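Below is one structure; the comments refer to it alone.
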Amino acid sequence: MIYPDHKKWADIIFKPYLYRLFKHHFYSMILLDEQPVVKEKVPLLLLPNHSSWWDGFFIYLLNRKFFHRRPYLMMLEEQLSQNRFFRHVGAYSIDSASSAEMKKSLRFTLDLFQPKDAGRLICIFPQGELQAWHKRPIEFRRGIEFLLKRIPLPVQILLLGIRIEFLNEQYPQVFFQFSPLQLVDAFGTFSVEHLALSMQDLLEDLQHRIIEQEKGNVIFCGRRSVNERMQIFSGKG
C-alpha cells in the first residue's frame, strides 16, 4: 500500500498547475443545485461517479471551493505508483488484485474516520474503476459495504454526480451535482445497494438538468471558445 503524505509545498505547486490545466482544457465548471452545508466536526465521506480521467482533479477543486478539509482520495495502486506526487496532496492506494493489500487499504480508510481527526474529507470512487457515464445499472464495489458496516459514527455521506459535456462552446463544460447530505449515526442505515440506486437517481437527475439547460452556479471559468474570441475581435462581444 502507498500511504498519503501531505506536504504544504506540494499543495503550493499543485494548485496553480491544476488551475492552469483546467483553464486550458475547459470552458467552465458549473454546480447545479445548492452548495452542500456540512457539519464541521463530523467526518465527510464523498462518493463520486467515475467516468473520466479528470475526476480526482475535480475533487481537489471542489474541496478547495466548498469544504476546506484535509483531503484523502483512494486511487488504484497501479496508477498511484506511476504518479507518486499525488500522495503529497492526499492520495493513497488500493490494490484490488491482492486481498491482503485491499484489506490493509480499507482498514487505513477506517482509521481516517476517527473522531480526533473529524475535519477530513475522504473520497472514494465506489465503482472502483473508470466506467462509461451511461453504464447501467450503477454497481458499487463491496469494499464500500465493508466500510459502511465499520465506520466510526457519526459520519456524513455525500454522493457526487460529475458529467463532462460539449454543448454550445468549443471546449467542454463540467457539471456537478451533490446529493442531499446524509448523516449516518446508526449502523445498518444504508446498504451498498441503496447507495448505488441513489447514485443512479442522482445521475439521471443531473442529465435531466443539463438537457433542460439549467444555468446553475459557475464555480470555474476556463478558456474562451473560438466563437467568443471572434465576437470580441469583430466588436460584437
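Nothing in this text is a laboratory measurement; each read-out follows from the coordinates by a stated rule. What you are looking at is a predicted structure, and each value in this text was computed from that prediction instead of being measured. With ideal geometry, Cβ positions are generated from the backbone for all residues, glycine too; neighbour counts draw on all protein chains shown.
Helix-derived [θ] at 222 nm for the chain: sum -39500 (n - 2.57) over DSSP H runs of at least 4, divide by residue count, nearest 500? Write down the numbers at each step before the final one.
Working: 7 runs with 80 residues, N = 237.
That calculation yields -10500 deg cm²/dmol at 222 nm.
Across the range 19-154, how many lysine pairs separated by 8 or more positions, or lying on different chains, have Cα atoms within less than 19 Å?
Working: Lys23/Lys65; Lys39/Lys65; Lys39/Lys116; Lys41/Lys65; Lys41/Lys116; Lys103/Lys149; Lys104/Lys149.
Here the count comes out as 7.
Looking at the chain, identify the longest residue range that excludes and avoids all chymotrypsin sites (Phe, Trp or Tyr not before Pro) in DSSP loops having at most 14 other Cβ atoms within 10 Å. All intermediate terms of the calculation are to be shown ahead of the outcome.
Numbers: sites that count: Trp53, Phe166, Phe187.
After excluding every exposed loop site, the longest remaining stretch is 54-165.
Counting only C-alpha contacts under 8 Å and six or more residues apart, can you give the relative contact order of the range 28-120 as a whole percent?
Working: 72 pairs, mean separation 30.5, N = 93.
Averaging sequence separation for qualifying contacts and normalising by length gives 33 percent for the range 28-120.
For Rg and Dmax of the Cα atoms in Å, several values are listed as [x] 17.7, 56; [y] 18.4, 64; [z] 17.1, 51; flag the one computed from this structure.
Among [x] 17.7, 56; [y] 18.4, 64; [z] 17.1, 51, the one calculated here is [y].
Which of the GluC sites (Glu not before Pro) found in the range 38-143 are loop residues per DSSP with 11 or fewer other Cβ atoms within 10 Å of their Cβ? Walk me through the numbers before you get to the answer.
Working: sites: Glu40, Glu77, Glu78, Glu101, Glu129, Glu139; in loops: Glu40, Glu129, Glu139.
In loop regions of the range 38-143 (DSSP not H, G, I, E or B), the sparsely surrounded GluC sites (Glu not before Pro) are Glu40, Glu129.
Let me know the shape class of the range 13-97, please: from the alpha-carbon gyration tensor, a ≥ b ≥ c as square roots of the eigenvalues, rounded when a/c is under 1.5, otherwise prolate if a/b is greater than b/c, or oblate.
Working: a/c = 1.63, a/b = 1.16, b/c = 1.41.
Cα axes put the range 13-97 in the oblate bin.
Please give the contour-minus-distance gain from Ala97 to Leu183: 0.36 nm per residue of separation, less the Cα-Cα distance, rounded to one decimal in nm.
Details: separation 86, 0.36 × 86 = 30.96 nm, distance 3.21 nm.
Answer, rounded to one decimal: 27.7 nm.
Quick one, could you list the DSSP H helices from the chain stretching 24 Å or more along their long axis (Cα atoms) with average Kyte-Doolittle hydropathy of 0.0 or above?
Details: long enough: 8-25 (26 Å, -0.40); 192-211 (29 Å, 0.16).
Once both thresholds are applied, what remains is 192-211.
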